[in-house]
Amino acid sequence: MRPSRLYRALLRLYPASFRAEYGGELWRVFEQRRRDAGGALGLVALWLATIADTLISAAQSHWDISKQDVAFAARTLRRAPGFTVTVMLVAALGIGANAAAFSLTDYVLLRPLPFWEPTRLVAVWERQLQSGFTNELSPANYRDWKAASTSFSGFAASTNVSANLVGLGEPIRLDGAAVTSDLLPLIGVQPTLGRVFTAEDDREGAPGTVLLSWGLWQNAFAGDQDVLGHKVTLDGEPYTVIGVMPASFAFPNREAQFWKATRFDGNAFADRTNTYLHGVARLKPGVSVAQARAELDVVTENIERANPKEDPGIRATVRPIRDELSQQARVLVLALSGAALCVLLIACLNLANLLLARAMVRRKELALRAALGAGRDRLVRQLLTESLLLALGGGAIGIVLAMAALPVLTRLVPSALPIAATPAMDLRVLGVAALVTIVAAVAFGVVPSLRACRGIDSDALREGSRAGVGGRRARLVRAVVVAEVCVSLVLLVSTGLLLRTLWRVQGRDPGFRTERVLTLRSWLPFPKYAKTGERAQFYDRVLTQTRALPGVSNAAYISFLPMAMGGGIWKANVPGQPPVEGAPRSVSLRFVTPDYFATLQIPIREGRDVSPADRGNRAAVAVVSESFVRRHWPGQNPIGKQLNVAFADRTVVGVAGDVRTRGLERESEPQVYLPYEQIPDGWMPFYAPKELVVRSSLDPAALVPQLRAIIRDVDPQQPISNVRPLGDIVAAQTAPRRVQLHVLGSFAIVAFLLAAIGIYGLLSFAVSNRAQEIGVRMALGATPGSIVRMVLREGFLLAAVGSVAGVALAWAAGRSLEALLVGVTPTDGATLAAALVVVLVMTLLGSGIPAWRASRVDPARVMRAD
Amino acid sequence: MTHDGSDPEKLLPLPPVTFHILVALSDQDRHGYAIIQDVTARTDGALTIQAGTLYRSIQRMLEQGLVAEKRTRPAIGEDDERRRYYRITPFGRAVAQAEARRLTQMVKLARACGFVPGKA
């Protein structure tokens, strides 16, 4: 590079205005100094000094100009407060929506999990070759897979447990996890206090040890530093506190309040079909997920060959732990981000329009400044500074809006994530908001600035010259309006699809009536209540006293509440119906006390309810659901038929209406209800009835203190948890959908309003520009009605073009939302029609006032004006 | 934009480069390179103003009314006619004098407390 070229390149660092004024002088001085430098050393010194000087003085020069521009822009904007506030608010909506959406996306999808090298952590599941279902691991498979595989540097397991904690004031019910001793070192989390489990804690018969969550330590032990060594009783067994985990630790989810060691006993490995362990493994460095999966396939085939009789057809599924997030959660977060981008796009389009209109009005001022010596670059820079100031103001308001929206967004976070914190407005989010702000400023500032300063000359100063009438500008604005209509139609259709889904889901009959039913849980611990007779005594005393309360009409106990617990699945066989390959045999199994069906108003279609006479020593009976009858005895009388479930043959004595045990959105297995006394002692502790349901003619919430007193009276050590109306459980089914809808819906409303404003702005401008033409038309006999039609036609034409593009895009958006839809197709005609009607309304709103104004043009006045 | 009639004291203290430029222009009008050479000569080579710094200073001094661009060019043959020459304005002279008084005052203070050897 020749020296002159290099120096000219350096000069480009200066602001254009400075360069234009002093570039030649600088160049001449430099040439002269180069001639006088003498010698290579002198030249090097000159270059070094010149480069440093240029960098510094160019930066200072830019700074000076920016200071002037900012001061000038601030003065200009203060003189137009209405314009300034409008622009900032519109920008705030776009920026705020994106900041909020990003804080959620970052939290759910992007941020690394709070573990050591989280990308190497994988979840390991059993996969049934035939059905493709994934299950938890059985202890035997966990043990064998761990021993045989070489892909992992560690392989641990956990299972969710819960226990009654006694000995600290009121007895409480806690959720927690039993973990293998290598789990915490594997994920790489250290305790805040004390130590984690060792292999010694995790063998059969070892003394009980427990780790507390930060929350439990704070609540139950008041953050006592001397908690280590403290003895507690979990489900009647003694445990010693050995440590406290940090507040940020939430494994396997936020519900976990304590951790204990798995302590498998010898029997645990006997049954390969007893699957309840969540496998977590760490890939060795350099090993891919696919490699680990391939290796486990070989391992599982070998195990199948070695144990041909035990549960065949089991393979492994290995997934990065991040991917455990459901497809629904992922789609939801992406949909929100997409919607936020749409809002930003519409906001920027509108602002570009607004700024363009303003710049055109200011052309005279700009031309004056150009005449006084300001270069075009200088004017563009001035206008850009203005839009940047506006965007910064909007960004600041937007962040406030996003912070206000955070509590709502937090409810969209799937609870399955092993993260303790909730989405927050942190530096990452602020950084993205700043980036969005600058992009927005450029997006809505550049085109208007360039357009406004194009061809600035003395012409613009001429009296009577119209502010920016021109075919090109009008075309640009029309394109903007079409884009706005298109994007808002996409949002409207997406929102409509979610709304229809919500209605569909809410309209489904759960199979039971929730009004005035209160539920609470009293989980009877084993081995204290291992004997069925002792449990029966507890239930009888509690239920008798409860039914005696004023207003109470029915009360009963059941293993699990519908919807609150979808599991509890068992295989049922019908004698004489050999198991058919691929035919479903699963049922949802529940043990109930008499009066359960009456309490939830589940109809008994045939036969009878379980009765107090169905004792352990009497004939085993069952009440089945209608769907069970349809599956096994279609068209026959089921009463008196036999089925085999839960280790015994049982006689059907009644048929109950179907209940959506798995929730409103999923198909449920047929239900089988067994009398609570017909469980052999010590068997199936998980299925022991624990949920109390009470129907009252008075306010059920008022019963809570009395129910507590009754249970305390029957067993003072028995904790009560999960007190809630049955209605809440059904409402919780649709709660996430309602939140989704609120968020997406508010985005759609914003987009709708912005698009309407866009149409309004365009047509108002067009009408005021065409006032003269309209005046002439009216003078020549056009009626106000025909003028209104003319203006409306323009609005509707734009809306129609935008809608055509929008329908195509909305179809694509609907397809990508498919995972969130239930009972509604992405191409739902009714939704599309409704969205188009809304667009029609939007167009009417936007074009109505300009059309009315056009019809009021006074021909005499506008024609006199020129 | 000139500051004739406004208070010279308002611009004090002057940035050193500004003061040096005013000094260089005190006896004759000069173009940019001549100013740089003059400052270097007067300070025995201790200070060489770089071109960017010089013209940024001049830009500001023009706005402040300390210097003016010279309209008449020097005699033909004396120098390149395309060059811009700068002259000190009366206001510039007043400001330079005020700055000099301020500096003298500072030196007096320094002497009084013994920072500078010499006549008290």
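The values are calculated or read from the model by the stated rules, or taken from the named source; none is laboratory data. Bear in mind that the values here come from a model prediction, so they are computed numbers and not experimental data. Please note: Cβ atoms are built from the backbone with ideal geometry, for glycine as well, and neighbour counts cover all protein chains shown.
The table below gives the values:
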quantity: Top-ranked residue of the stretch A:763-778 - restricted to ones that are touching a Pro at 6+ places or on another chain (Cβ under 6 Å) and either on the phi > 0 side of the Ramachandran plot or not aliphatic (A, V, I, L, M) (or both), ranked as surrounded by the most Cβ atoms within 10 Å (Cβ to Cβ); calculated: A:GLY775
quantity: A:THR105, sole failed condition from (1) over 22 Å from the mean Cα position of the chain (by Cα); (2) among the β-branched types (Val, Ile, Thr); (3) in the same structural domain as A:THR422 (by TED's automatic domain parsing); calculated: (1)
quantity: Cβ-Cβ under 6 Å pairs, at least 6 apart or on other chains, the stretch A:591-620 side without any contact (Cβ under 8 Å) to a residue 12 or more places away in the chain and surrounded by 15 or more Cβ atoms within 10 Å (Cβ to Cβ), far side in a loop (DSSP other than H, G, I, E, B) and among the small types (Gly, Ala, Ser); calculated: none
quantity: Scope the stretch A:362-420; condition at pLDDT 85 or above and small (Gly, Ala, Ser); matching residues; calculated: A:SER387, A:ALA391, A:GLY393, A:GLY394, A:GLY395, A:ALA396, A:GLY398, A:ALA402, A:ALA404
quantity: Among the residues listed as A:GLY24, A:GLY39, the single one being free of Cβ contacts under 8 Å to residues at least 24 places away in the same chain, among the small types (Gly, Ala, Ser), on the phi > 0 side of the Ramachandran plot and not assigned by TED's automatic domain parsing to the domain that holds A:GLY375; calculated: A:GLY39
quantity: Filter result for A:GLN636 (outside the structural domain of A:ASN160 (by TED's automatic domain parsing) and over 17 Å from A:VAL653 (Cα atoms)); calculated: no
quantity: Count of the stretch B:30-54 residues which are more than 11 Å from chain A (Cβ to nearest Cβ) and crowded, with 19+ Cβ neighbours inside 10 Å; calculated: 3
quantity: Residue within the stretch A:107-117 that is under 30 Å from A:ALA329 (Cα atoms), in a strand (DSSP E or B) and touching a residue at least 12 places away in the same chain (Cβ under 8 Å) present; calculated: no
quantity: In the stretch A:181-212, the residues that are in contact with a Leu (Cβ under 9 Å, 6 or more places away or on another chain) and either outside any loop (DSSP other than H, G, I, E, B) or closer than 15 Å to A:ALA256 by Cβ (or both); calculated: A:LEU184, A:LEU186, A:ILE187, A:PRO191, A:LEU193, A:GLY194, A:VAL196, A:PHE197, A:GLY208, A:VAL210, A:LEU211, A:LEU212
quantity: The stretch A:51-66 residues that are at the interface with chain B (Cβ under 10 Å from one of its Cβ atoms), paired with ones that are outside any helix (DSSP H, G or I) and of a type in the set (S, T, N, Q) (beta carbon under 6 Å, 6 or more apart); calculated: A:ASP53/B:GLN50
quantity: Hey, A:LEU228 at pLDDT 90 or above, of a type outside the set (Phe, Trp, Tyr) and either more than 26 Å from A:ALA140 (Cβ to Cβ) or assigned by TED's automatic domain parsing to the domain that holds A:TYR142 (or both) or not; calculated: yes
quantity: All positions within the stretch A:339-369 that are closer than 14 Å to A:ALA92 by Cα and small (Gly, Ala, Ser); calculated: A:ALA340, A:ALA347
quantity: Condition met for A:GLU31 (within 11 Å of chain B (Cβ to nearest Cβ), surrounded by 15 or more Cβ atoms within 10 Å (Cβ to Cβ) and more than 56 Å from the chain's Cα centre (by Cα)); calculated: no
quantity: Condition met for A:LEU283 (over 30 Å from A:GLY188 (Cβ atoms) and either touching a Cys at 6+ places or on another chain (Cβ under 8 Å) or of a type in the set (A, V, I, L, M) (or both)); calculated: no
quantity: Output for the stretch A:285-312, where each listed residue is within 33 Å of the chain's Cα centre (by Cα), surrounded by fewer than 15 Cβ atoms within 10 Å (Cβ to Cβ) and part of a loop (DSSP other than H, G, I, E, B); calculated: A:PRO285, A:GLY286, A:SER288
quantity: Number of positions in the stretch A:14-26 that are at the interface with chain B (Cβ under 9 Å from one of its Cβ atoms) and either among the aliphatic types (A, V, I, L, M) or in contact with a Phe, Trp or Tyr (Cβ under 9 Å, 6 or more places away or on another chain) (or both); calculated: 6
quantity: Enumerated strands (runs of 3 or more DSSP E) restricted to the stretch A:622-713, each holding at least 1 residues that are among the aromatic types (Phe, Trp, Tyr); calculated: A:671-675
quantity: Residue in the stretch A:221-231 that is of a type in the set (Val, Ile, Thr) and in a helix (DSSP H, G or I) present; calculated: yes
quantity: Test: A:VAL108 is modelled with pLDDT under 90, over 26 Å from A:ALA247 (Cα atoms) and more than 12 Å from chain B (Cβ to nearest Cβ); calculated: no
quantity: Scan of the stretch A:67-78 for residues that are away from every other protein chain (no Cβ under 11 Å), within 22 Å of A:ALA374 (Cα to Cα) and not hydrophobic (A, V, I, L, M, F, W, C), ordered by number; calculated: A:LYS67, A:ASP69, A:ARG75, A:THR76
quantity: Top-ranked residue in the stretch A:1-13 [being part of a helix (DSSP H, G or I) and exposed (fewer than 12 other Cβ atoms within 10 Å of the Cβ); ranked as farthest from the other protein chains (Cβ to nearest Cβ)]; calculated: A:ARG5
quantity: The stretch A:232-277 - residue that is hydroxyl-bearing (Ser, Thr, Tyr) and loosely packed, with under 14 Cβ neighbours inside 10 Å and, of those, nearest to A:LEU193 (Cα to Cα); calculated: A:SER248
quantity: Elements of type strands (runs of 3 or more DSSP E) contained in the stretch A:510-595, each with 1 or more residues being outside the structural domain of A:ASP658 (by TED's automatic domain parsing) and not basic (Lys, Arg); calculated: A:517-521
quantity: Residue that is surrounded by the fewest Cβ atoms within 10 Å (Cβ to Cβ), among those in the stretch B:55-72 that are of a type in the set (D, E, K, R) and either in a helix (DSSP H, G or I) or in contact (Cβ under 8 Å) with a residue 24 or more places away in the chain (or both); calculated: B:GLU63
